[in-house]
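The values are calculated or read from the model by the stated rules, or taken from the named source; none is laboratory data. Predicted model only: the values in this text are computed from it and were never measured. For neighbour counting, all protein chains shown are included, and Cβ atoms are generated from backbone atoms with ideal geometry for every residue, glycine included. Accessible surface is based on the protein model in full, side chains and every heavy atom, while ligands, DNA and RNA are left aside. Shrake-Rupley method; radii C 1.70, N 1.55, O 1.52, S 1.80 Å.
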Amino acid sequence: QVQRSVEERLMPIMPDEGLIAHQWDKHGTCAGIDQDAYADAIEQAWETVTIPASFDTATPSRMSAREIEAAFLRANPALSGGGVAVSCQNGQFREVRICLTQALEPRACEQVNRQGCQQSGLQVVAR
């Protein structure tokens, strides 16, 4: 069970209590830190990534997975293509997965990259 105060802190980053609980169960519980320290780390990781301005529009658009990845790489020059992957489902852009070390430095992660979406014409809706 994730503390309500932690859920409230993380809602701007992961706007779904189920996702917050899933991520805590999958990653936080084995990190050797309490929920507040885990939330601190999530917030710090979030602050290391720049969301491209084109993703703040309220107007839906269509982009390929490669175009989405390229936009994130342009906005975050420290990232490499091997550490960024787009996730999609049913023709819709879902998320960008960015791999970081425990020190929040960009790193390559082949498994995430290999599982990335390769579709074109994905519907992109504002966050």
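With respect to the numbered conditions (1) at pLDDT 90 or above; (2) assigned to a helix (DSSP H, G or I), which one is the sole condition not fulfilled by residue 1?
(2)
Would you please name the residue that is modelled with the highest pLDDT, looking only at residues in region 73-107 that are touching a Ser or Thr at 6+ places or on another chain (Cβ under 6 Å) and in a loop (DSSP other than H, G, I, E, B)?
This residue is 76.
Within region 65-109, track down each residue that is open to solvent by 60 Å² or more (accessible area, probe 1.4 Å) and not polar (S, T, N, Q). So that I can check it myself, show each step before the final result.
Of all residues in region 65-109, those open to solvent by 60 Å² or more (accessible area, probe 1.4 Å) come to 66-67, 74, 77-78, 89-90, 92, 94-95, 97, 102-103, 105, 107-108.
Across region 65-109, the qualifying residues are 66, 67, 74, 77, 78, 94, 95, 97, 103, 105, 107, 108.
Residues being within 30 Å of residue 37 (Cβ to Cβ) and of a type in the set (D, E, K, R): count how many of those fall in region 54-112.
Number satisfying all stated conditions: 7.
Test residue 31 against the criterion of being open to solvent by less than 70 Å² (accessible area, probe 1.4 Å), over 21 Å from residue 122 (Cβ atoms) and not in a loop (DSSP other than H, G, I, E, B), and give yes or no. Don't jump to the end; show me each part of the working.
Values: open to solvent by less than 70 Å² (accessible area, probe 1.4 Å): yes; over 21 Å from residue 122 (Cβ atoms): yes; not in a loop (DSSP other than H, G, I, E, B): no.
Criteria not met by residue 31.
Could you give me the residue pairs with C-beta distances under 9 Å whose first residue belongs to region 51-64 and is within 17 Å of residue 97 (Cα to Cα) and surrounded by 14 or more Cβ atoms within 10 Å (Cβ to Cβ), whose second residue is at pLDDT below 80 and aliphatic (A, V, I, L, M) wherever it lies, and which are 6+ apart or on separate chains?
Note: pairs meeting the criteria are 55/126.
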